[in-house]
Amino acid sequence: MSWIREGELNLLEKIASNVLKAGPMPKHVAFIMDGNRRFARKKNMERQEGHMQGFNKLAETLRWCKQLNIPEVTVYAFSIENFKRSKEEVDGLLDLARQKFERLLDERENLEKHGVCIRVLGDLNMLPLDLQQLIAKAVLTTRTNNKCFLNVCFAYTSRYEITNAVREMAWGVEQGLIKASDVSEALLSECLYSNNSPNPDLLIRTSGEVRLSDFLLWQTSHSCLVFQSVLWPEYSFWNLCEAILQYQLNHKSIQKARDLHREEQALQQLEADRACVADLLQHQGNGKPADAKRRQEALQRYSVSREARVQDFLQALKQKRNNFFFDLYSEAVSA
């Protein structure tokens, strides 16, 4: 099954789509694609076939999202916790991933035609080397496409992602790129695997489970969460419409919460900068208080220098992550 499925909506679906698009539409939707194994049991088929049906449904859902003008989708494909499943099932899931990323590389012209950029979020070092290399090829092959984005969370949990972001900031301090005082909530967000994407507007989980299962915990604090009872392989266009309608009904309150959070972040950063400047002026002035004008000038200089440090650090972090993919790609080509 192709990653990109062609086809148009039927008349009723087009009408529903146009009605929905008259309201606020999510720009980024995340999916916890749950229920593949239960679907397999329900249909008396092998687990692997259930996972295959789940991938086919993903391809179909991506088509719906494209036709609904949703440019970004993030999916929970393989949790770090999945390694605890039976060896047979884990090997089957990894084999399926190999097949699908190989198919993706075969479809690069179609992906380019539709402008699809593939990103893979997670600790790829946990995966077999040949799969790492396939993923690196897929990511680098599509990296310049910019019409729509598919983020595949693979060997991923949110707590691991947050822990890794803390490690990245510690690395920046050790390298002298940033100061410990530069560490902030906003900087941590920039160190997540998902730093190239806006936070999801809407998160959908299927199969009736009402938990996030360690998926995008940081990013979805101000997202609309929709839990649906349908098993993922049975997901329909109408299920997606229902979830979008829930988002639209809650859009104003979600937007208000996001705006308030941005204001709070800015205020926290200002207070942190003021505290750092106060310490600097105290040391420079031998304990004598500085006048208001001097404090304001020092605050402006400090804010500019901090922002420059942070940008240099983020550029170094981006280069480090890019090098990881380029090194894998080079190894694959030379093998």
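The values are calculated or read from the model by the stated rules, or taken from the named source; none is laboratory data. Owing to the predicted nature of the structure, the values given are computational and were not obtained by experimental measurement. Here the Cβ positions follow ideal geometry from the backbone for every residue, glycine too, while neighbour counts run over all protein chains shown. Keep in mind that these areas ignore ligands, DNA and RNA; they rest on the heavy atoms of the full protein, side chains included. Shrake-Rupley method; radii C 1.70, N 1.55, O 1.52, S 1.80 Å.
Per-residue surface analysis assigns residue 55 an accessible area of about 20 Å², computed on protein heavy atoms at 1.4 Å probe radius. Both numbers refer to the Cα atoms of the stretch 11-254; Rg and Dmax are 18.4, 60 Å. Backbone amide hydrogens, once placed in the peptide plane, bring residue 223 within less than 5 Å of nothing, excluding anything fewer than 5 places away on its chain. Using Cβ point charges alone (K and R +1, D and E -1), the dipole size of the stretch 135-249 about the Cα centre works out to roughly 280 debye.
For residue 64, the solvent-accessible surface computed with a 1.4 Å probe is close to 10 Å², ligands and nucleic acids excluded.
Annotation: per residue accessible area for the chain equals 52 Å², rounded to a whole number [probe 1.4 Å, protein chains only]. At 1.4 Å probe size, with the rest of the protein present, what percent of the exposed accessible area of the chain is carbon and sulfur atoms? The nonpolar share, carbon plus sulfur, comes to 51 percent.
Please report the net charge: other residues with Cβ closer than 11 Å to the Cβ of residue 222, K and R +1, D and E -1. Here the count lands on +1.
Packing-based ranking of 137-143, 297-303 yields 137-143, 297-303, ordered from highest to lowest mean Cβ neighbour count within 10 Å.
The stretch between residue 218 and residue 108, if pulled fully straight at 0.36 nm per residue, gains 36.4 nm over its current Cα-Cα span. Think of each Lys and Arg Cβ as +1 and each Asp and Glu Cβ as -1; about the Cα centre, that makes the dipole of the chain roughly 480 debye. Our summary of shape: the Cα atoms of the stretch 22-153 have principal axis extents of 43, 35, 24 Å, ordered from largest down, in whole angstrom. The alpha carbon centroids of the stretch 118-171 and the stretch 228-305 are separated by 26 Å.
Diffusion coefficient of the stretch 84-212 by Stokes-Einstein, Kirkwood radius over Cα pairs, 25 °C, 0.890 mPa s: 145 µm²/s. Scoring 56-63, 24-31 by mean Cβ neighbours within 10 Å over their residues and listing the highest first yields 24-31, 56-63.
Taking a quarter of the surface of the Cα convex hull of the stretch 152-259 gives a mean projected area of 8.2 nm². Figure note: 244, 80, 15 ranked by solvent-accessible area, largest first, 1.4 Å probe, ligands and nucleic acids not counted: 15, 80, 244. Over the Cα atoms of the stretch 60-138, the radius of gyration divided by the Kirkwood radius equals 0.99; this is the Rg/Rh ratio. For the stretch 178-216 versus the stretch 16-34, the inter-centroid distance based on Cα atoms is 20 Å. Here the simple spin-label model places points 7 Å from the Cα toward Cβ, and for residue 330 and residue 18 these points are separated by 5.4 nm.
With a cut-off of 20 Å on the backbone N, the residues of the stretch 91-133 near the modelled label site 7 Å out from residue 174 along Cα-Cβ are 123-126.
With 18 Å as the limit on Cα-Cα distance, the pairs of 21/252; 100/137; 113/318; 27/318 that go past it are 113/318; 27/318.
Between 0 and 90 degrees, the angle of helix 87-106 with respect to the longest Cα principal axis of the chain falls at about 90 degrees. Of all beta bridges that DSSP places with both ends in the chain, some 0 percent have antiparallel geometry.
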